[in-house]
């Protein structure tokens, strides 16, 4: 698993870790029951605080993406189809907001956007 930290992005480091691991789980790159690096090991590799890594893992566990086995480590949780559906819906909503913003900037109507969308089926 390869995590990249961008110190210039303005996004908190724990959030960068959380987002990247969550993306790997949703995409299937990390499969059910795959082990994650230890909190201390990942912190050492990234040269960041253990508390920062723990915060990312805690958030992933709170949202049901990973689970912890005492004295064994953290693992990818079994996929909850409803959780994945909600995540995908959230992503679609974000994209639709961007489409709305861009179409307004171009002066496109709702019908224009729907017409563009229907072209994708061809």
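Only the coordinates and a few stated rules stand behind these numbers; no lab work does. In this text the structure is predicted, and so the values were computed from the model without any measurement. Positions of Cβ are backbone-derived with ideal geometry, glycine not excepted, and every protein chain shown enters the neighbour counts.
Tabulated values for the structure
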{"item": "Count - residues of the stretch 5-18 that are in a helix (DSSP H, G or I) and closer than 24 Å to residue 86 by Cα", "result": "5"}
{"item": "Residue count for the stretch 21-72, restricted to those that are more than 16 Å from residue 3 (Cβ to Cβ) and in contact with a strand residue (DSSP E or B) (Cβ under 9 Å, 6 or more places away or on another chain)", "result": "8"}
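Per-residue answers, yes or no, for (1) assigned to a helix (DSSP H, G or I); (2) more than 12 Å from the chain's Cα centre (by Cα):
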site	(1), (2)
20	yes, no
32	no, yes
43	yes, yes
56	yes, no
59	yes, no
64	no, yes
67	no, yes
71	no, yes
